[in-house]
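The values are calculated or read from the model by the stated rules, or taken from the named source; none is laboratory data. Not measured: the values here are computed from a predicted model. Note that we place each Cβ from the backbone using ideal geometry, even for glycine, and neighbour counts take in every protein chain shown. Surface accessibility is based on the protein's heavy atoms, side chains included, excluding ligands, DNA and RNA. Shrake-Rupley method; radii C 1.70, N 1.55, O 1.52, S 1.80 Å.
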Amino acid sequence: MQKNSSARRTPRRALVFIAAPALAAGALASVQSASAAPAVQSASAAPADAAACPAPAAAIGLSTGWKLQLPTPNSSGSPQEIKQPALSTYDKAPWFTTTSGCDAILMRAAVNGATTSNTGYPRSELREMTADGSATTSWSSTKGTHTMVVDEAITHLPADKPHVMAGQIHDETSDVTSFRLEGTSLYVTSYNTTHYKLVTSSYKLGDRFEGKFVAHDGKVDVYYNGTLQATVTAKFGSGYFKAGDYTQANCNNSTPCDNSNYGEVALYGVTVTHS
């Protein structure tokens, strides 16, 4: 059994991917709005003094079981990837940096960002890796139980098409299920069904929540703040978890086409367990 949980509560000899603070029931905090540009929804707060904060990975105890994909292009024009051990000390404001409170990672993707060959949308997102971070990993939804808990807040939406995905399971070819915010409506998705389950129609940017995905027996149970919201039928052999900001807009459907127009997620913690 592989485990990924808080270092203070991790049993001896458990494999730790992430150490993340747990949310107390009824004590979910909110990120306060710092600015809101016209036609762009925002509740983000950039660090006043980034040097005073630890590197983003250290801010939430992010360990080795992840790699990062950024919307900034590498030398060939593809999205930049940061793997361990470089990720442990990596900071690239404003795309992957620390909140002013030094307690979360701000992950941002602008509509003009670099994308992979199989998608038209940019992302600043963590991808699950092996425990030592050396290689990609995957698992079957029909064998064992696989759980990811994300403690997060969506803090900014792009203009015109204010859509962001935050936290997801991906299989061999596509995203299986995720949390998707469209304006003030937060949904659980199921493959191409973007409005599979409405979680709330009154989400406010900066509202911090706990999302949980539990894959088992050919299905995925999705929870919001501890309450089961949806069960998605999903039988796949090679799935993996992703956490962060996946902006669902680009220069074809959202203006301005520049770095000022973006989606953003504040990630306070992420925990993965396999059993």
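As a calculated quantity, the FRET efficiency between HIS195 and ALA52 at R0 = 30 Å, using C-beta atoms, amounts to about 0.10. The distance from the alpha carbon centre of the range 77-107 to that of the range 135-191 is 19 Å, rounded to a whole number. Annotation for the range 146-197: GluC sites (Glu not before Pro) lying in DSSP loop with at most 15 further Cβ atoms inside 10 Å of their Cβ are GLU172.
Accessible surface comparison of CYS257, CYS53, probe 1.4 Å, protein chains only, largest first: the order is CYS257, CYS53. Compared with the direct C-alpha span, the chain from LYS143 to ASP217 gains 26.0 nm at full extension, assuming 0.36 nm per residue. Cross-link pairs exceeding 25 Å in C-alpha to C-alpha distance, out of LYS92/LYS242; LYS83/LYS204; LYS161/LYS242; LYS92/LYS212, comprise LYS83/LYS204; LYS92/LYS212.
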